[in-house]
Amino acid sequence: MTNQSIREAAAGLFPGGVNSPVRSYRSVGGDPLPIVRGAGPYVFDADGARYIDYVGGFGPAILGHARPEVTRAIAEAAADGLAFGALGPREVELAAVIRDATGLERLRFLNSGTEATMTAIRIARAATGRDLVVKFDGCYHGHSDGLLVRAGSGVATLGMSDSAGVPQAVAGLTAVLPYNDPAALIRWFDAHPADTAAVIVESIPANVGILAPDPEFLQVLQAVPRAHGALLIADEIITGFRLARGLSGVLPAADLVTLGKIIGGGLPIGAIGGPARLLGLLAPEGPVYQAGTFSANPAVMAAGLATLQLLTPAAYQRLEQVARHLENGLRTAIRRAEAPASVVRYGSMLSLFFRPEPPRDYAQAREADTAAFARFHRAMRARGVLIPPSQFETWFVSLAHNEPEIDATVCAAAEALREACP
Ligand code: PLP
């Protein structure tokens, strides 16, 4: 099959021709790019073109693609049988590795990040006996009803549904506040001192490009909800095991943590971690119901274990070094092209914004020149570099990226920036 024949078949099978919206490439004015294979830092499309990949599966592919230790572990697990609906040895092993790396006392494995955040909120509501949840504008926590919510008409008002099909009665239980605005959070708790079950936040927001958290905001985030009896949920689905072996360390006072992506080694996963007093609220120990046919599936556990075994402290040093090389190269290219663009990087996560200064919040991120980004995306792709198909998705560097790939990326970017910002 060719790129075109796959697209045509998909168009008749799937809404919008894809199984997840950003894969449509609509925000960069293109068609879906069918990927047939990955190897190390590269992916290959159905026409045989090779790209240096910074999509990284939107986060999980920290080792690069098709790392033999991981594919072997999956094959071995599969050979033992895949679906028992029973406790097994690999989930115990993976949980012990995660507990040792994160300090999280108890865990539950689920099948996606969406399930993890949805269930974390259910636990928080049960623990507090309260209904309201606070999230931040621009943070993404998956597609459950209560989290597909946008800001209402004023700061410190309850939210409005951000998707057709989400009842206002559900959206109205979630408040959406501006990120990096400690005063807004304080105002919220002044107005709702005893109704808020939880505040949920990405440890480093990475779903509108990367937003750098202000230290003062992080301080208020960790003090004010707690002072009012609300729980803090740190969404580490991107940042967990991405920035360090374990949690990012950005929100050490969080009550509950959600994980996903990397801990499944490229297979579907989510996890919730926290103290026994909160995780013990989950069935069958406690009254909060959550279950899953595929939860802690042996192949997923095997992929996660093989991946985390390779993520040594030296691996993170290497990721830092390679990603810094990319950051420096992109900054130089931007300066030379005199492009109105900026770069933000944390470890192996990076954003290139078509905006002279990195944004502090979603309102500023939205000011980025998405048309220039679309031109840049196309120009990079024409030069064999695949960056995420949206200004608002984060680039991921993997352990398989080496200096030659980074140098080739920077060369491509130097030309692509001139095309994007003529
Ligand atoms: N939380 C964050 C921070 C995410 O980036 C994502 C997905 O990108 C999710 C939650 C949802 O995870 P999933 O797509 O596995 O449901």
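Summary of computed values
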| item | result |
| --- | --- |
| Separation between Cα centres of the stretch 241-290 and the stretch 382-409, rounded to whole Å | 29 |
| Chymotrypsin sites (Phe, Trp or Tyr not before Pro) within the stretch 243-331, DSSP loop, no more than 12 other Cβ atoms inside 10 Å | Tyr289 |
| The chain - share of DSSP beta bridges that are antiparallel (%, nearest 5) | 60 |
| Spatial separation of Cα centroids for the stretch 319-367 and the stretch 124-154, in angstrom | 29 |
| Theoretical ellipticity at 222 nm over the chain - DSSP helices of four or more residues, -39500 (n - 2.57) apiece, nearest 500 | -11500 deg cm²/dmol |
| Unit charges on C-beta of K, R, D, E only; dipole of the stretch 1-57, Debye | 100 |
| Cα convex hull of the stretch 247-390 - mean projected area over all directions, nm² | 12.3 |
| Relative exposure of Thr102, Thr312, judged by other C-beta atoms within 10 Å (fewest first) | Thr312, Thr102 |
| Calculated SAXS-style log₁₀ I(q)/I(0) at q = 0.20 Å⁻¹ - the stretch 261-333, Debye, Cα scatterers | -0.94 |
| The stretch 74-89 - phi-based ³J(HN,Hα) in whole Hz, Karplus 6.51/-1.76/1.60, Gly and Pro as x | 5, 4, 5, 5, 4, 5, 8, x, 10, 9, 10, x, 8, 4, x, x |
| Highest-MSF residue in the chain out of Val170, Val70, Val134 [GNM, Cα springs under 10 Å] | Val170 |
| Gyration tensor (alpha-carbon) shape descriptor, the chain, a/c threshold 1.5 | oblate |
| Positive-pole candidate from Gly240, Gly329, Trp188, dipole of the chain, charges at beta carbon | Gly329 |
| With eigenvalues of the C-alpha gyration tensor scaled by 5 and rooted, the stretch 170-294, Å | 24, 20, 13 |
| Cα-centred dipole magnitude for the stretch 68-310, charges only on beta-carbon of K, R (+1) and D, E (-1), debye, nearest 20 | 180 |
| Positive-end extreme of charge dipole, the chain - chosen from Pro287, Phe44, Val176 (charges on Cβ) | Phe44 |
| Dipole magnitude of the chain about its Cα centre (Cβ charges: Lys, Arg +1; Asp, Glu -1), debye to nearest 20 | 260 |
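Computed from the coordinates by the stated procedures, all read-outs in this text should not be read as laboratory data. Nothing here was measured: the structure is a model prediction, and the numbers come from that model. In this analysis, Cβ positions are derived from the backbone assuming ideal geometry, glycine residues included, and neighbour counts consider all displayed protein chains.
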